[in-house]
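Take a look at the structure set out below.
What follows is calculated from the coordinates using simple rules that are stated; it is not laboratory data. Model, not experiment: these values are computed from the prediction. FYI the Cβ positions are ideal-geometry reconstructions off the backbone, even for glycines, and counts take in every protein chain you see.
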Amino acid sequence: MSDRLFIFDTTLRDGEQVPGCQLNTVEKIQVAKALEELGVDVIEAGFPVSSPGDFNSVVEISKAVTWPVICALTRAVEKDIQVAADALKYAKRGRIHTGIGTSDYHIKYKFNSNQDDILERAIAATKYAKQFVEDVEFYCEDAGRTDNAYLARVVEAVIKAGATVVNIPDTTGYCLPDEYGAKIKYLMENVNGVHNATISTHCHNDLGMATANTVQGVLNGARQVEVTMNGIGERAGNTSLEEIAMIFKSHKERGIETNINTTRIYGVSRMVSSLMNMPIQPNKAIVGRNAFAHSSGIHQDGVLKNRESYEIIDPKDVGIDDSAIVLTARSGRAALKHRLQILGVDLSQEKLDKVYEEFLKLADRKKDINDDDVLMLAGKDRTAMHRIKLDYLQVTSGVGLQSVASVCLDIAGEKFEAAASGNGPVDAAIKAVKMIIHRQMVIQEFLIQAINKGSDDVGKVHMQVEYDGSHYYGFSANTDIIAASVEAFIDAINKFVK
Ligand code: KIV
Ligand code: ZN
């Protein structure tokens with residue numbers, strides 16, 4: 001008999017807190033529907049009181065998604081809880097996730113308070129949330145550094161107050177696996193009424209321990225895990241969904257089962273990476289480009305004779321299908337649509353027609369169109385609402401030549417041109433853009449990355465621009481790396497020039 005492990009996905013809340021990874025509501029709905037298809041049990045859709053955008057996303061995801069529980073985050077503050085309840089009004093099954101810091105660091109320095117007062121606030125927040133929804137999850141922030149005896153008091157009290165789930169976050173990613181496992185074991189053994197609620201893990205990856213800690217939490221009694229796709233999240237990220245799903249699928253002897261349809265992992269992983277402009281490191285477990293690539297001759301020979309000699313996971317089990325049809329300039333709309341569907345993207349006929357036009361243009365420049373290209377094309381019209389657009393760009397550069405760029409920007413329908421020289425073509429083009437925009441902007445980060453391989457590959461550019469004391473993120477992808485750099489710069493500018 002297996003024990004059911006509930007998968008709580010927080011890609012759209014903790015994952016989305018990463019600077020530069022923000023999604024609009026339409027994109028969040030797309031991810032939420034893909035997570036539903038993947039089989040997650042709970043979707044944390046946002047922190048409604050934090051912004052009108054987050055509030056609206058929780059409302060719209062609640063309408064769009066049918067069977068997973070929709071969860072909204074709050075602090076242990078009445079106003080937060082009211083707003084979350086309001087945002088959840090369309091959820092078929094809604095959950096309020098409230099909580100407070102329980103470690104001495106939080107109690108003394110964040111709240112200037114004491115343990116008894118925090119305990120009272122925890123009970124009050126739980127009881128208040130219970131007035132709006134039956135399903136209330138309580139988080140003990142920084143539980144990883146909270147004294148176990150006090151943590152047990154809080155957990156017991158909130159369960160008594162009606163919490164259905166209690167979350168034990170290792171907020172700072174400080175714990176070692178044996179410590180975190182022991183913490184969960186301690187709670188399972190010392191909290192009266194612990195079986196009236198589900199204990200949840202929520203591990204951050206600051207020491208690279210998030211997955212190991214989560215596994216230890218589960219082996220010691222936790223039955224919900226809080227995870228994100230590709231392990232994205234603040235700082236070093238959260239526990240990654242795909243790792244937990246595949247660990248318990250590969251280790252059936254542990255008797256833990258999830259509802260994840262693992263063959264959808266690859267598609268959802270790519271979709272999240274593409275929509276959030278967050279590249280996946282090539283050696284990332286399960287979903288990295290190299291996760292199943294055998295380069296050494298000995299390994300290749302072994303895999304060809306018997307896959308299991310060197311592979312513990314069949315790539316097909318996570319949705320990687322090497323025999324998938326390669327898209328080229330001769331592929332029709334149906335093939336493109338099929339590929340997009342495998343990647344979890346369902347487009348209207350009108351949007352598909354537009355994406356297909358762009359696809360044909362790209363296929364003229366690039367022989368094989370891969371999944372990243374297709375996802376990039378599907379998300380391309382994110383610039384359609386931009387006030388400032390690149391109309392044209394012309395550069396002259398070469399060895400022994402001064403680089404010169406001419407740029408024309410379309411600003412709310414009016415055209416502005418400028419030319420500049422610089423230290424290389426990107427520098428020249430950026431200078432020309434600055435001459436038109438007339439603001440003091442500084443590029444703080446500039447990352448150029450080829451998605452796959454080949455000199456005709458699409459290059460992705462991430463840029464962080466500082467303006468007036470704030471940071472703005474820009475992104476673009478183009479086979480022309482200079483154009484991608486200028487487009488990423490303009491994407492960032494659009495975030496502050498309204
Ligand atoms: O890491 C953390 O403690 C959190 C809580 C807000 C649940 O994300
Ligand atoms: Zn967190």
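Descriptive notes on the structure:
- Selection among ASN190, ALA432, ILE7 by position relative to the dipole of the chain gives ALA432 as farthest towards the positive end (Cβ unit charges, Cα centre).
- Efficiency of FRET from Cβ geometry, ALA412 and ASN259, R₀ 41 Å, rounded to 0.05: 0.25
- Relative contact order [Cα under 8 Å, 6+ residues apart], the chain, whole percent: 10
- Theoretical FRET efficiency, 1/(1+(r/R0)^6), r = Cβ-Cβ of GLN281 and ARG365, R0 35 Å, to 0.05: 0.80
- Put simply, the Cα atoms of the chain extend 75, 60, 43 Å along their principal axes, the longest span coming first.
- Dipole magnitude for the chain: about 640 debye, using +1 per Lys or Arg Cβ and -1 per Asp or Glu Cβ, origin at the Cα centre.
- Inter-label distance, GLN394 to VAL497: 2.1 nm, where each label sits 7 Å from its Cα along the C-beta direction.
- Length gained on full extension, ALA293 to TYR105, computed as 0.36 nm times the residue gap minus the Cα-Cα distance: 63.2 nm.
- For the range 386-493, the spread of Cα positions along the three principal axes, ordered from largest to smallest, is 37, 29, 25 Å.
- Modelled FRET efficiency - R0 22 Å, ALA334 with TRP67, Cβ distances, 0.05 increments: 0.15
- The angle separating the long axis of helix 115-130 from the principal Cα axis of greatest extent in the chain is about 80 degrees.
- Which of ARG307, ARG145 has the fewest Cβ neighbours within 10 Å, and the rest in rising order: ARG307, ARG145
- Structure-based [θ]222 nm, the chain - -39500 (n - 2.57) summed over DSSP H runs of at least 4, per residue, nearest 500: -11500 deg cm²/dmol
- Beta bridges by DSSP in the chain, antiparallel share as percent, to the nearest 5: 50
- When you filter the GluC sites (Glu not before Pro) in the range 306-397 for DSSP loop state and at most 16 other Cβ atoms inside 10 Å of their Cβ, you are left with GLU311.
- Using a simple spin-label model with pseudo-atoms 7 Å out from Cα toward Cβ, LYS249 and LEU207 lie 3.0 nm apart.
- Test item: Cα-centred dipole of the range 6-275, Lys/Arg +1 and Asp/Glu -1 on Cβ, debye: 440
- Separation of alpha-carbon centers, the range 103-147 and the range 235-295, rounded to whole Å: 32
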